[in-house]
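These notes concern the structure reproduced below.
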Amino acid sequence: MTYFSHPSAIIDDGCEIGQDTKIWHFSHIMPNCIIGKKCNIGQNVVVSPDVVLGSNVKVQNNVSIYTGVICEDDVFLGPSMVFTNVINPRSAVIRRDEYLKTTVKKGASIGANATIVCGNDIGEYAFIGAGAVVTKEVKPYALVVGNPSRQIGWVSEYGHRLNFDVNGEAICPETKDVYLLINDAVKKK
């Protein structure tokens, strides 16, 4: 075994788990999940069947990742955040064939207690604030907060707020990388 799992963790058959991944107390990795290298799965996490996590994904305590979710490399999932997978759940109606897919793109961060309503993709390096309820697609590098969530700005790949000048350029205060705002979309120069 090239990964660590706490003795209280349950890992079902058919899972692929990458090298140097850590799975902590009372977590359940359900059948046919794919978890990349160097991931950290916190306490009391549920990863439902067929979920895919890229490499270096950080999943904090008490997170539920339901079938239909794909997280690309370097994604951060904050404590107690949750994904949904059915748009109109009813206890008496079986909708297992209606799970909607949600992709969290490379480098995105989702804050504590946020909810991602299924079918709404999260763009590269987007930042979802704590407690936000995401009900529509989030653009790359977007900063969104609130319930329902709304975009209030842009962030760098290092998670710093970007302040664009009149020429549509912003500099990350940590890396000094330059970002361009063109037609309401951000890209790194």
- [ ] Please determine, by comparing only the residues of the range 16-37 that are surrounded by 18 or more Cβ atoms within 10 Å (Cβ to Cβ) and assigned to a loop (DSSP other than H, G, I, E, B), which one is nearest to the chain's Cα centre (by Cα).
- [x] Gly36
Open item on the list: Restricting to the range 6-15, count the residues that are assigned to a loop (DSSP other than H, G, I, E, B) and buried (at least 16 other Cβ atoms within 10 Å of the Cβ).
Closed with: 2
Task: strands (runs of 3 or more DSSP E) fully within the range 120-189 counting 2 or more residues that are out of contact with any Leu (no Cβ under 9 Å at 6 or more places or on another chain) and either among the basic types (Lys, Arg) or buried (at least 19 other Cβ atoms within 10 Å of the Cβ) (or both) - done: 142-145
TODO: Within the range 56-78, track down each residue that is under 13 Å from Cys33 (Cα atoms) and out of contact with any Pro (no Cβ under 6 Å at 6 or more places or on another chain).
DONE: Ile65, Tyr66, Gly68, Val69, Ile70, Cys71
Task: Residue list for the range 103-114, restricted to those being farther than 17 Å from Val51 by Cβ and outside any loop (DSSP other than H, G, I, E, B) - done: Ser109
TODO: Test Thr84 against the stated conditions and say whether it is surrounded by fewer than 16 Cβ atoms within 10 Å (Cβ to Cβ), out of contact with any helix residue (DSSP H, G or I) (no Cβ under 7 Å at 6 or more places or on another chain) and among the hydroxyl-bearing types (Ser, Thr, Tyr).
DONE: no
- [ ] Return the pairs, sorted by first residue and then second, in which the second residue is charged (D, E, K, R) and buried (at least 16 other Cβ atoms within 10 Å of the Cβ), the first residue lies in the range 79-105 and is closer than 25 Å to Gly131 by Cα, the beta carbons are less than 6 Å apart, and the residues are 6+ apart or on different chains.
- [x] Thr103/Asp121; Lys105/Glu72; Lys105/Glu124
Task: Selection from the range 42-56 of residues that are among the hydrophobic types (A, V, I, L, M, F, W, C) and either touching a Lys or Arg at 6+ places or on another chain (Cβ under 8 Å) or crowded, with 20+ Cβ neighbours inside 10 Å (or both) - done: Val45, Val47, Val51, Leu53
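Every read-out reported here was derived from the displayed coordinates using simple, explicitly stated rules and does not represent laboratory data. Since the model is a prediction, treat every value here as computed from it, not as a measurement. All Cβ positions, even for glycine, are placed from backbone atoms using ideal geometry, and neighbour counts span all protein chains on display.
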